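Just so it is clear, none of the values below were taken in a lab; they were calculated from the coordinates. The structure presented is a predicted model; accordingly, all values stated were derived computationally and were not measured. FYI the Cβ positions are ideal-geometry reconstructions off the backbone, even for glycines, and counts take in every protein chain you see.
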Amino acid sequence: PKPKESPSFITGGSIPSFSDRDLEGNKINIENLKGKTIVLNFFFIGCRPCREEMPALNMLVDHYKDNKDIAFIAIALDSRSDLRKFLKSTPFKYAIISDGRDIAKNNNVTLYPTSVVVNKDGVVLFHSSGGGSANFAWLAKAVSLSVSAPSPATN
């Protein structure tokens, strides 16, 4: 079954603009990503479902690693130093923005994990909160529809 939509976003709507730097120092500006599919993940280290979905999310990144028209961005509530320690034992292949409480607040995100797929036109195609394999399957399907490629969930 399709997972329950996140109360934070509206299918067919848009997301508020934000700009920040990821853990590697790369500038991420949502406005500059127009024309690309954007996959957002809101999480924090202490969230068990957030940690449990990371291997599947990494698989999605690996599946699209050669596609330059897709951006995987994680908004973490945790500090840069806490994330660096955490990522030593738990890899997460998204571009990760630390200290993302303001970004989460501006997007009305209060449930974790929350995933969002925004198409090349800036329109929200999919959004859900909570973990689980059904969430991943629908997330992967939304990404594949947005980039017109086979989904890793069906390969």
Could you pull out the residue among 9, 42, 18 that is in contact with a Cys (Cβ under 9 Å, 6 or more places away or on another chain) and closer than 19 Å to residue 127 by Cβ?
42
Out of the residues in region 44-93 that are assigned to a helix (DSSP H, G or I) and of a type in the set (Asp, Glu), state the one that is surrounded by the most Cβ atoms within 10 Å (Cβ to Cβ).
53
Hey, could you check region 12-28 for residues that are loosely packed, with under 12 Cβ neighbours inside 10 Å and out of contact with any helix residue (DSSP H, G or I) (no Cβ under 9 Å at 6 or more places or on another chain) and say which is nearest to residue 134 (Cα to Cα)?
12
Pair list, Cβ under 6 Å, 6 or more apart: region 1-23 residue within 30 Å of residue 84 (Cα to Cα), other residue loosely packed, with under 13 Cβ neighbours inside 10 Å and among the charged types (D, E, K, R):
17/31; 21/27
